[in-house]
Structure formats: structure tokens, C-alpha cells
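Read through the structure below, which is laid out as C-alpha cells, and then see the notes.
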């Protein structure tokens, strides 16, 4: 009795130990498979998206893209298939059966090749190109722009100067304002009789804003080409008094170079151009 009772206990204990060991092995296998599966599926899914986006996949006989079928993980995939999907370069190429699509390793290599070619072809610019497109032939150039200016001619010997009639009354001298309104300005003196006044209708207009000057014929300056002399003649009918070098003339006074004429609150300096050394009549002999 005692021996028969011991044998069943030993048999049951050995059976329990075997079942426990088997369950531990199964648990470890399931755990290792569960840890490796997400990595394998993730890698295969990324490859599938790249293949579908970059290259057209051939269609298998069932209507499903062959690359997708080859890249999709199999529930019962072996450890060798998982390693081949993770590292396609290190896996030797295996001939696929007729009618089936490329393997996951071939699909990965195709994606890598397409990506490198795309990187070689694609060029991005930080700024848009500045090249202009010209349509209708080259732009037209104005003929006037291409015309060269005339070259300066060298004059040898005595120059031939042409003299004709005067374009305007010839200038024989100037009055330069050295005091009062209009300081720094000047007025030309012409041949013959020149009236002086504030109005612009005067031959020598002193329109600088000095109200002490009569509007018309405050005085006269006369140049006589026969005697080549200048005369200053005050208008005694005017109430405003004029002076030359602080002297108040009562009749015609000959003007000399740098004489100062005071009229109203304005001072003028006389600068002759014609005189004993030159007159416009001297040019009559040189006319053509």
C-alpha cells in the first residue's frame, strides 16, 4: 500500500514540473515575439509608405500591390524574415516564385535608390532666379544713342571768326550793387542813353526793393562811342538826391572806373568795359 501511494505522488509531481517548465518557455517566446513584432511592423510600414509614394508598384495576380504584399508582416513570420526586413542589405537575394512581387529587401533597396536619385535631381534655391526671359528678339537700341558725338577739330593757324550784326544791345559796362538791397547783384550798361529807376521798364532796373529810388528816370548813364566816355546825369526834377563819391552833382559828371554811385539807400560801383582801349567799333575792321 505504501509503495503504491508514493508512486502516484512522484508521477504527479513530475507532470506538474514539466507543465510549469513548458509554460515558462511559451511565456518567454511570446514575450520576445511581442517585443520584436512592433519594430518589424513599424519598419515594414515605413518602407511600404515610401514605396507607394515614390514609385509605382506592380500589381500581383490578386489585385494587391506586390510590394505591399511582400512588405506586410506575416503573423507567423520567422526570425529570419524579421531580420531580413530590418537589414535588407545583409540578406542575400532569394529568387521569388513566378507571379509573386518583390521581397521586402528588394522593396527597401528600390526605395533607397529612388530617394538618392531624387536627392541628386532636386535643387532648392533660397531666392528665386534673376534671369530675365526676353521674347521677340533682342531689345531695340535707339539710333540716337549709338551715334557718336562729333570729334573736336584742331584749328591750325589763325582762326577765322565770323562777325555779323549784334544779337542785342552791346554791353559797355556794369553797375555792381555793393550796399543796400540786392547786394552782390549787377546790372549791365548799354551803349547810348540808359534810364535808371525802380521799375522793370527802365533800361537799368534797380528793382531790389529800395523804395527810396524813384520808379522811373531817377538818373541817366550815357555812353558816347565817339568820345568813348561815360556820363552820369541826375534828374533834377526828382526830389530824391543822388551822389557820386559823396558828391552831389547838379549836372552831367564823367564816370571813371570804380566810382561809387549812391541812389536812395543803394550803393553801386561803376565797372567799364568799353573806353579808350576798346570799343565795339574796333571790330568793324575785322568783319568778313
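Coordinate-derived values only; no laboratory data. None of these values were measured; they are calculated from a predicted model. Positions of Cβ are backbone-derived with ideal geometry, glycine not excepted, and every protein chain shown enters the neighbour counts.
Per-residue packing, averaged as other Cβ atoms within 10 Å, sorts the ranges 224-234, 209-219 into the order 209-219, 224-234, beginning with the highest. Taking every alpha-carbon pair within segment 171-286, the share separated by more than 26 Å comes to 15 percent. Stretched out straight at 0.36 nm per residue, the stretch from residue 148 to residue 217 would grow longer than its current Cα-Cα span by 19.4 nm. Taken over segment 233-282, the convex hull of the Cα atoms encloses 95 Å³ per residue.
Ordered by the number of other Cβ atoms lying within 10 Å of each residue's own Cβ, fewest first, 270, 190, 166, 278 fall into the sequence 166, 278, 190, 270.
Computed from the Cβ-Cβ distance with R0 of 25 Å, the FRET efficiency linking residue 258 to residue 238 stands at 0.50.
Tell me, 112, 158 in order of fewest to most beta-carbon neighbours within 10 Å?
By the 10 Å Cβ count, ascending, the order reads 158, 112.
For a paramagnetic label modelled on residue 248 (point 7 Å from Cα along Cα→Cβ), amide N atoms under 14 Å away belong, within segment 261-286, to 262-264. Annotation for residue 156 and residue 16: the two label points, set 7 Å from Cα along the Cα-Cβ direction, are 14.0 nm apart.
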